[in-house]
Amino acid sequence: MTEARSPILQGTLDLMTLKTLEQLGPMHGYGIARRIEQIGEDALVVNQGTIYLCLVRLVQKKWVTAEWGTSENGRRAKFYTLTKAGRQQLKAEVENWDRISGIIARVLQPATGS
Amino acid sequence: MLTLLRVAVARLRAYLRPGDQSRDFEDELEAHLAMAEEDKIRQGLPPAEARRMARVELGGVSQLVEAGREARGLPWLDSFWLDVKLSLRMLRKSWGLTLVGGLAMTIAIVIGATVFHFLNLAFGGTLPLDEGDRVVALQIWDTKEHRRHNTSMEDLERWRASLRSVETIGAFRTVERNLVLGEGSVPLAAVGGPVEPVPVAEMTASGFQLARVPALLGRSLEAADERVGAAPVVVIGHDVWQSRLSGDPAVVGKTIRLGETIHTVVGVMPEGFAFPINHRFWTPLRADPSTPLLTTEKALVFARLAPGVTLQGAQVELTAVGLPPIAGALEAETQLVAQVEPYIVALTSDGDRGQVVWLIRLMRLMVILLLIPPCANIAILVYARTVTRQEELAARYALGASRGRLVSQLFVEMLVLAIGSAAVALGVLQLALNWAESGLSEAADGGAPFWMDFSLTLKTVLFAGGLAVFAAMAASLVPAIKATGRQMQIGLHALGSRTGKQLGATWTTLVVFQVAVSLAALPLAVEIGWGTIRKGVLGPGFAAEKYLTARLAMDFEGKDGAAEAENRRRFASLQAELVRQLEAEPGFLGTTFADLPGDEPWDTIEIEGVTTERVGIFSPASLLRINRVDDAFFDVFEIPLLSGRHFEAGDFQLKAGDAGRAVVVVNRTLVQQLLGDRNPLGRRVRYAAAEHDPAAAGRATSPWYEIVGVVEDVPAHADRGTMYQPMARGLVHPAHLAMRLGPKPSTMVDRLRLIASRLDPTLRLDEISALDEVYREQAVGNNVGASSLAAVVLSVLLLSAAGLYALTSFTVNQRRREIGIRSALGATSGRLLASIFKRTLGQFAVGALGGMLVAALIDVYLPAEVVGGWSIPGIIPAATALMVLVGILAATGPARRGLRVDPNTELREG
């Protein structure tokens, strides 16, 4: 029996996209989508189209920049690069995530009374 | 915040250049699909399957393109424009609603924006001076009497010495002086040129420092000019220099005469400078310790807040320093407090600042509430029309439009109408402002204060915009929410049938109520309108063009009690001498000192032994005009004596102790209203309130006066009883006089002023104008008032008609099948109409009957005369007939549609 696939938690796609760009450097939308799917080991349901809507938002906020270039297969593709503001935002969001997930973990953990 | 701004800029850019980014986005999705397809082919999938899988994983391309467009641009703006376009189309289609609703909204917004703007004009704004918002007034406020207490020069000196939170303390008072130009060195008796009374600011030199405006030519006033014995100097305004001294570049050093004194011109102020209020002449306020009090009117102590000090800080210091000893001694009794007020507030409000602020808030709230009645009416019409569009709305709902989307579309429709109305209203307001400005600039006292800007302000435009949004919400939200609610489902069912909807009991009640209110208010509104314009239409009823009227005054300022009595004696003898000299002039046929007919103050009297019958809650005895006149009044105005006698010389010489011998003359209307058939001669009357009678000083009741004569009414002013009292000359200052002259009285103005100023250089004749001109000017104001009233009445009538139209339309729609069946069964047009409208007519009759009853009650309890109207016999039946006519006209269209119903169609579709 395979493990059920989970939808991406609302609001975390931006975080994952920023993290991917930090790790891989400049990357196109398809590459970002594939990377998230791979990291999630196919346990995450990624609607690839929503990656592009997420990228529109990130460009508007100037956390990433976009530029047309050529892919590894020689195809024309739009490459996204993390900006300085994006890096700062990523740091802030990661810290926030750690804090929240820590709290949730503590809440879910059964009490180990003395 | 920065991120939000970035997003807004990016979205705006994308909105302005939608094509480029859409193509870019589509290209990017194409590239994605190609890469995904390649990957899948590499993984061994057949090309067709690879392409399919790639598309499935990406999601619907067209939906993504649309979502991308929404994420990039300003989607709500797109839908807003769409709604605006649709609204314009709908407003054009329902032109009746547009006209009626637009007119009603425009009138309400005109009233609201006008009140708002004039309140700001009067009480708001800052001085257009360097740091004008830091200029303040210092005053001693009498909290018991609610008025500014007199301030002495000693108070001023004390404040100057002790206060640190304010600086550049000074004062001014306005005096009137006769101006004689170019005649400075000529003896007054030889003056032949024009004499003109002008307002002059007697001001400390610090006033110019406070204003921080240097002189254009020469210098402004200096502290040395204030010393007793210093040479009299004057600083003049730019427009005086240009218009009366021909812009003479060598004006400094020349002399002009102001009243008794010849002044040397030491400077000319730049254009537009009119500090402290609207002044063009400035002379020094003498620092003489015996200089009298700065009287409460037209005088003020001003200062500038020291750097870093707030108004509250200055108030704390002034309170701590306390009142000057003289005022302090009176403090307990009269409750005096020293106050620091913003300069404009101190000059424009007679009440406490807190009260003014509340008053302004209250009036703003009232003008906003004023929008509710017309908007409620428009809401009825919008709802009525929305119900006819039920099928369209239901279809849009079924196709996926959200309820919010439908509501917002109806709101935008009303918003478009309201914004159009607001634009028209602002245009009307601008015309009114131009009119007010030109009227004020021609006024004798120097025009509007220099800080008043008569152009439309951004604040007023925003307020009108706010009113428009409020009006749109009030007119659309309730009907929109109601029409898109429960009935949406019915609308869907109705798609397949032709069953009409009912207007609903609430709305029907509102229409009936509207009819009742319109009819109730109509008679009084017409009577007020007629009362207002009547004098203008009929004229004064005598040859007003033969009269010249003026105000006579002399320098009275600040004399103590004994000197005041001497001044009054002198004023009386000057009046007598003026009359003697005038009557010796060719063309002068008579002069009288009195108020003009129609301009007299009102008061209440009682007649000994007679109980005045009340009309409703008011008594005619409370609507009397009281005119104190001299012995020439009846002759000069050619008012015939009906019985008894005119005043005699002895009547004018009574002293306070002669009570019982005092007499009055009354007019015909007074006798008719208060005495009927009884003989008025020999009866005694007195003021109902002793404090209104100058002769009753200090007594609990007014003395009795015997009626000795009855005179004819002045035709245009026959609406009220008038009581004439004898008035000895010199008693009232300033005095109003009227002169009967030969042809072209206005040519005598200069001669008149010259005669007066030769008698005494301080004797001033101002506000001189032909009497017909005075009445004409009054008529202009009255006509504006009556036109505004007519516009309101018209809009109320139109709203009623529109409401009735909606009601009858619905009745016809609702009963189409029934009409079809009856028609098929052979009912005649008459019977058909009677059956269709039986119920509607009944509702209308209820409204009309209610309105008639209320109108009759108003007629009894609030006679038109009380509110400035003129009773018109039979006005209530006439108004009812008009309302019935309006009702019939409103019902005609729907009735004709009802008769045109085709029985075959209705029976087939039913």
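The values are calculated or read from the model by the stated rules, or taken from the named source; none is laboratory data. Keep in mind that what you see is a predicted model, and the values were worked out from it rather than measured. Positions of Cβ are backbone-derived with ideal geometry, glycine not excepted, and every protein chain shown enters the neighbour counts. Remember, those area values only see protein heavy atoms, side chains included, never the ligands or the DNA or RNA. Shrake-Rupley method; radii C 1.70, N 1.55, O 1.52, S 1.80 Å.
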Could you give the length gained on full extension between B:Thr264 and B:Ala827, defined as 0.36 nm per residue of separation minus the Cα-Cα distance, in nm?
192.9 nm
What does the convex hull of the Cα atoms come to per residue for the range A:14-77, in Å³?
86 Å³
Projected area averaged over orientations for the range B:718-776, convex hull of C-alpha atoms, nm²:
6.0 nm²
With +1 on the Cβ of every Lys and Arg and -1 on the Cβ of every Asp and Glu, and nothing else charged, how large is the dipole of the range B:1-82 about its Cα centre, in debye rounded to the nearest 20?
260 debye
Residue among B:Leu2, B:Pro18, B:Gly44 farthest towards the positive dipole end of the range B:2-73, charges placed on Cβ
B:Leu2
Given Cβ charges of +1 for Lys and Arg and -1 for Asp and Glu, the option among B:Ile605, B:Leu415, B:Ala738 whose Cα lies farthest towards the positive end of the dipole of the protein assembly as shown is B:Leu415
Roughly how large is the A-B contact in terms of buried accessible area, totalled over both chains, probe 1.4 Å, nearest 100 Å²?
2200 Å²
Whole-Å semi-axes of the ellipsoid equivalent to the range B:67-109 (Cα gyration tensor, √5λ, descending):
32, 12, 4
Work out the mean other chain Cβ neighbour count within 10 Å for the residues of A:29-37 and drop it here as an integer.
3
Computed Rg/Rh for the range B:718-866 (Cα atoms; Rh = Kirkwood radius) stands at 1.36
Relative contact order for chain A: what is it in percent, counting Cα pairs under 8 Å that are at least 6 residues apart?
27 percent
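Given a 1.4 angstrom probe, what's the average accessible area per residue across the range A:6-108, in square angstrom?
55 Å²
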So, with +1 on the Cβ of K and R and -1 on the Cβ of D and E, and no other charges, what is the size of the charge dipole of the range B:768-910 about its Cα centre, to the nearest 20 debye?
1180 debye
Connecting C-alpha atoms closer than 10 Å in a GNM of chain A, tell me which of A:Leu13, A:Leu55, A:Leu24 has the biggest fluctuation.
A:Leu24
At 1.4 Å probe radius, can you tell me the per residue accessible area of chain B in Å²?
47 Å²
Report, in debye and to the nearest 20, how large the dipole of chain B comes out about its Cα centre when Lys and Arg carry +1 and Asp and Glu carry -1 on their Cβ.
4300 debye
One checks the Cα atoms of the range B:801-867 and finds Rg and Dmax, in Å, of 18.0, 59
Per-peptide average of other Cβ atoms within 10 Å, ordering B:18-26, B:707-715 highest first:
B:707-715, B:18-26
Binned at 10 Å starting from 0, the alpha-carbon pair-distance distribution of the range B:679-787 in whole percents comes out as 10, 25, 30, 27, 7
Paramagnetic reach from B:Ala543 (point 7 Å along Cα→Cβ, amide N under 17 Å) across the range B:748-768:
B:748
For a Förster distance of 56 Å, can you work out the FRET efficiency between the beta-carbons of B:Met1 and B:Asp239, rounded to the nearest 0.05?
0.65
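As a test of the definition: which semi-axes, in Å, follow for the range B:358-490 when you take the square root of five times each eigenvalue of its alpha carbon gyration tensor? Largest first, please.
Details: eigenvalues 353, 36, 27 Å².
So the equivalent ellipsoid measures 42, 13, 12 Å along its semi-axes.
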Relative contact order of chain B, pairs being alpha-carbon contacts under 8 Å that are 6 or more residues apart, as %
15 percent
Consider just the alpha-carbon atoms of the range B:1-70 and return their Rg together with their Dmax, both in angstrom.
16.1, 50
Across peptide B:71-80, how many C-beta atoms of other chains are within 10 Å of each residue C-beta, on average?
1
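Could you state the orientation-averaged shadow area of the convex hull built on the Cα atoms of chain B, in nm² to one decimal?
55.7 nm²
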Taking a cut-off of 16 Å, what percent of all Cα-Cα pairs in chain A are separated by more than that?
64 percent
Ordered by packing density, taken as the mean number of other Cβ atoms within 10 Å over each peptide's residues, highest first, how do B:626-632, B:735-741 rank?
B:735-741, B:626-632
Cα-Cα P(r), the protein assembly as shown, percent of pairs per 10 Å interval
2, 8, 12, 14, 15, 14, 12, 10, 7, 5, 2, 1, 0, 0
Once phi is turned into ³J(HN,Hα) by the Karplus curve 6.51 cos²θ - 1.76 cosθ + 1.60 with θ = phi - 60°, what whole-Hz value does each residue of the range B:195-212 show in order, with x for glycine and proline?
10, 9, x, 10, x, 10, 8, 7, 9, 5, 4, 5, x, 6, 5, 4, 6, 6
Please work out the Cα convex hull volume for the range B:544-773 and give it in Å³ per residue.
137 Å³
Spin-label zone in the range B:830-871 - amide nitrogen under 14 Å from a point set 7 Å from the Cα of B:Leu899 along the C-beta vector
B:830-837
Label point distance in nm, B:Ala401-B:Val749, each placed 7 Å from Cα along Cα→Cβ
6.4 nm
For the protein assembly as shown, whose charge dipole is built from +1 on Lys and Arg Cβ atoms and -1 on Asp and Glu Cβ atoms, the candidate among B:Leu426, B:His263, B:Phe208 with its Cα farthest towards the positive end is B:Leu426
